[in-house]
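Read the structure below first, then the notes.
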Amino acid sequence: MTIKLAFISQTRLSKLLNTVRSQEHWSVEFELHEFIAEQNKSKLLALDARRDIEVIIAGGGNALMIEEMQLATPLVKIQISGFDVMQALWRAQQLATTAVFINYNQTIEQLQRYSSLFNIQVEQYIYHSVAEVVDLVHRVVQRPNCIIIGASHVCDIAESMHAKSVFIYSQDAIHQALISAQQLALSLRAAREKREKLEAILRCVEDGIIYIDAKMQVEEFNPKAESILAIDAQEVLKKPVSALLPNFALEQVVHREKSEYNQLLKIGDTQVLSNRIAVFNQGKLIGALASFQDVKTIRKAEQSIRLSTRAKGLVAKSSLQNMIGENSEFKKLLSRAELFAKSDASVLIQGETGTGKELIAQGIHLASNRASGPFVAVNCASIPETLLESMLFGYEEGAFTGAQKTGKSGLFELANRGTLFLDEIGELPFSLQGRLLRALQEKEIMRLGSDTVLKVDIRVITATNRDLAQMIGNKAFKEDLFYRINVLNLSVPALRERIEDVVLLIGHFFKLKKTSEQNYSNIIAQATPWLLRHRWPGNIRELENIVERLAIMLKANMADTDIMSELQQSLGLDTAIQQTSAGNIKAALASQEHQQLQAILKGCNNNKTIAAKKLGISRSTLWRKLQVVS
């Protein structure tokens, strides 16, 4: 955009400007305004209100009047140089013996300095208003052999009285004023762009920003600071910071010339986390800056990060309240897990394969104060020893062949503010056990290839189906690590130890497979004796697999006899029973069913409604079965 300058002038000065403009190419746009500033203040105010005028140029009385008005638009004064004075005096001595300089509101120092160089007497008069000029010029005109030196207005009045005059300004003065105005406009543009960038940054940053100068006055107070502190910027700008914001203690930073970071401050009812920085220019302190965030905002950001973690799948899904089971020992286990969830101590969960140890770990996490944080699970037996260390602790760029260029966070870092679940801890290589122990003790880790220690805030839950005490005796598991992970202990009962929950679990898994009760109730009713006497070596995982197989067969509308045959094979029933005649099978099943029904009914305090619900059948079906058996 072309620079636009406003030139406040009168006739003689305008002619000089046009001469200078014609002598070379100017990459600026000029607006010429011919008037006397004292008599046209409204015009000046109108010019000042325009955004396109970047600099005003004026000389003599016009310049002084504009200065007095304190316009927002910057002013460049046409300066009277020593050369201009000497040139005017040289011309004056050719025409008179006395030179009278008439100027607005101030004398010209160079006039006395250079007057001795010329064969002419020099006098100076100043005027304070346009009305005085006519009288001054008239008095000079009455004197013999005098010549007037002045600006346009003075020379015009002298000419109107047929008096001799010399115009004080030169082409060089105009040229220099134009160059100065152009440079000033460019500098102001650069400063304005810099300021606009700074203001854009201050508007956009999520931190409140306060800046004070060396005199302890507030120079910057951004919109975020207004929002966080509920203070209008106009109330604090250009005012002492100590009286308005004493808790920021910015004046201490200025006095000590020392920055302070991550300070928790209470400003009114708002708690903020603040950095206070001493600002230097060429080694000299020029002020101090405070950047701060509302602690509530920080917590929301952390929540957002946690939600992002959820999007990556690092979440627990199974709560303790949703665990299926009526067995008394299993209920005690859940109660203990609920209690342990209130602590941050390590938990060791022991139990056979397939008993649901990870589900218990997820439930503990969701019942803890870390529920909104990540739940990171890793199976120590499923990852090769060569990769397990880098997976747990992460690595830096170039830590080993094939490492990502940017490095990678380990599971400890991913689990920060949450729970790390180490399944099958008994399979952890002995060589890594010492490093894991240190990480758990110190709550610190170090990535592979790095010398930087990282703090982590995690709760560790481990699980195993092995006898760790025996492994310690065999020197296969570190005793110190065992005591570190075994602060709290849970033992998950095998499915055969909670046999009354089998039918409940079957119903639950069928619902997950979206199989209606009327499709499977008859099969389950017939197979209940087999299901209840099975040893379930694979525990709940085995039961779920069998239900999935049955659900597929039921959806395919296979005959009940085929499904029963498949179920017998799945349960590995004695082949001798399978080869027995149909009548004997019915008799055997009836006897077993009678025993199991009585056992379940007894466990439910003879409440047939509860017993039927456990068996996944209606109360009338249970009553009929009991009658048939009788």
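Throughout, read-outs are computed from the coordinates displayed, never taken from laboratory work. Keep in mind that this is a model prediction, so the values were computed, not measured. Glycine also receives a Cβ, built like all others from the backbone with ideal geometry; neighbour counts cover every protein chain displayed.
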Taking Cα atoms only, helix 60-69 is inclined relative to the longest principal axis of the chain by an angle, in degrees rounded to 10, of 40
Looking only at lysines whose Cα falls under 18 Å of residue 555's and that sit 8 or more positions away or on another chain, we get 511, 513, 514
Listed by chain and number, the lysines with an alpha carbon less than 16 angstrom from that of residue 317, same-chain partners under 8 positions apart left out, are 357
To the nearest 10 degrees, the tilt of helix 171-204 (Cα long axis) against the first principal axis of the alpha carbons of the chain is 20
Gyration tensor on Cα atoms of the stretch 16-149, a ≥ b ≥ c root eigenvalues, a/c under 1.5 rounded, else prolate if a/b beats b/c, else oblate, says prolate
The alpha-carbon center of the stretch 549-567 and that of the stretch 165-179 are separated, in whole Å, by 109
Nearest 10, in degrees from 0 to 90: the angle of helix 430-442 to the longest Cα principal axis of the chain is 50
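Please identify the trypsin sites (Lys or Arg not before Pro) of the stretch 495-533 that satisfy two criteria: DSSP loop assignment and at most 10 other Cβ atoms within 10 Å. Which are they? Walk me through the numbers on the way to the answer.
Details: sites: 496, 498, 511, 513, 514, 533; in loops: 513, 514.
Here the sparse-neighbourhood loop sites are 514.
Classify the stretch 347-393 as rounded, prolate or oblate from the Cα gyration tensor: take a ≥ b ≥ c as the square roots of its eigenvalues, call it rounded if a/c is under 1.5, otherwise prolate when a/b beats b/c and oblate if not. All intermediate terms of the calculation are to be shown ahead of the outcome.
Numbers: a/c = 3.10, a/b = 1.33, b/c = 2.33.
It is oblate, given that a/c is not under 1.5 and a/b is not larger than b/c.
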Sorted largest first, the C-alpha extents of the chain along its principal axes in whole angstrom are 156, 54, 49
Among beta bridges assigned by DSSP with both residues in the chain, the antiparallel ones amount in percent, to the nearest 5, to 40
At the level of C-alpha centres, the distance separating the stretch 450-513 and the stretch 1-53, in angstrom, is 87
To the nearest 20 debye, the stretch 205-297 has a Cα-centred charge dipole, built from +1 on Lys and Arg Cβ and -1 on Asp and Glu Cβ, of 320
Straight-line reach check, residue 43, cutoff 20 Å on alpha carbons, 8 or more apart in-chain or any other chain, hits among lysines -> 4, 77
As a Kirkwood estimate from alpha-carbon pairs, the stretch 205-297 has a hydrodynamic radius in angstrom of 13.0
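Under the definition of Cα pairs under 8 Å and six or more residues apart, what whole-number percent is the relative contact order of the stretch 108-211? It would help to have the intermediate numbers written out before the result.
Values: 50 pairs, mean separation 14.4, N = 104.
It comes to 14 percent, rounded to a whole number.
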Quick shape check on the stretch 320-491: root eigenvalues a ≥ b ≥ c of the Cα gyration tensor, a/c under 1.5 is rounded, otherwise prolate if a/b tops b/c, else oblate, and it reads prolate
